[in-house]
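The values are calculated or read from the model by the stated rules, or taken from the named source; none is laboratory data. Note that the structure is a prediction, hence the values are computed from the model and not measured. Cβ placement follows ideal geometry from the backbone for every residue including glycine, while neighbour counts extend to all protein chains displayed. We work out accessible area using only protein heavy atoms, side chains counted, and drop any ligands, DNA or RNA first. Shrake-Rupley method; radii C 1.70, N 1.55, O 1.52, S 1.80 Å.
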Amino acid sequence: MIRGIYTSALGMITNMQRMDVVSQNMANVNTTGHKRDHVVSHAFSDVLLARIDDPGHRMFKQVSVGTINPGVFIDDVFTDFSQGAFIQTGNALDMALAGQGFFVVNLDGEEFFTRDGAFTLAHGTLMTADGALVQGENGNIVLPDGYISVSDRGRIYVNDEYVTTLRFVNFSAPEGLHSLRKMQDNLFRTSEHTQDDHFIPFTGSVQQGFLEGSNVNIVQEMVEMITVSRAFETNSRVFTLQDGTLQRAVNDIARRQ
């Protein structure tokens, strides 16, 4: 019974963590360039159940009666980097990336990556809505006044005069190799697992006047939320039943003493 209580409690904890991830996905369904997260759960190794024969037999021996699984736990949370739908805005500073890759930005002296191309100008400097400086081939991008156009290769022109080229990065398998870690404000950064050979050339294209929407499917997340809620409720009921059974067993033993 004690094992069952711990298994049920672990199931409730796991489903609480799954619910946190689902809630985060749903909260960002309208966030530009947001990438949804998935929970990967892992089961503990099965435990072999055995029975020892009654003393009346000539010798004691163990008889296998099956296995029991002591529960599951959260193994990892990984990000789905599949592309979201494009939203046309007509804004010259809005840019979406078609294909794999990221814009490079600088925030407080550190380099980050993002798919959120909702850029703005502050005193001529191109930056994200949260104040990160968009990076070009020569560092921060400073644009003069005028009509801004961006080619599909990221070359920026002002009044048809070339200024600079956007800097991009790409990774061979950002989710599988844990090359990137999600940070706040829709930013990503490299992790301790990132190797030089994880960086690959950017082969996508820039779509000016468009934004990439979130890749969260709200219907799918709602179904997942219902599933997780029911799983938590089931574990809670089992926990209550086992706790009641244990309490009754202890009380009965006390009376017999």
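Carbon and sulfur atoms: what percent of the 1.4 Å accessible area of the stretch 201-249 do they account for?
Solvent-exposed carbon and sulfur of the stretch 201-249 make up 59 percent of the total.
Lys and Arg at +1, Asp and Glu at -1: add these up for the other residues within a Cβ distance under 14 Å of Ile226 and post the number.
-1
If we count every other residue with Cβ under 13 angstrom of Gly146's Cβ, Lys/Arg +1 and Asp/Glu -1, where does the sum land?
So the environment of Gly146 carries a net charge of -3.
Which order do peptides 244-250, 130-136 fall in by mean Cβ count within 10 Å, highest first?
Top of the packing list down: 130-136, 244-250.
Ignoring ligands, DNA and RNA, what accessible area per residue does the stretch 76-125 give at 1.4 Å, in Å²?
Roughly 44 Å² per residue, with all protein chains present.
Using a probe of 1.4 angstrom, how much of the accessible area of the stretch 78-183 is carbon and sulfur, in percent?
Here it works out to 47 percent.
So, counting K/R as plus one and D/E as minus one, what does the shell of residues with Cβ under 15 Å around Tyr157 add up to?
Neighbour charge sum, excluding Tyr157 itself: -3.
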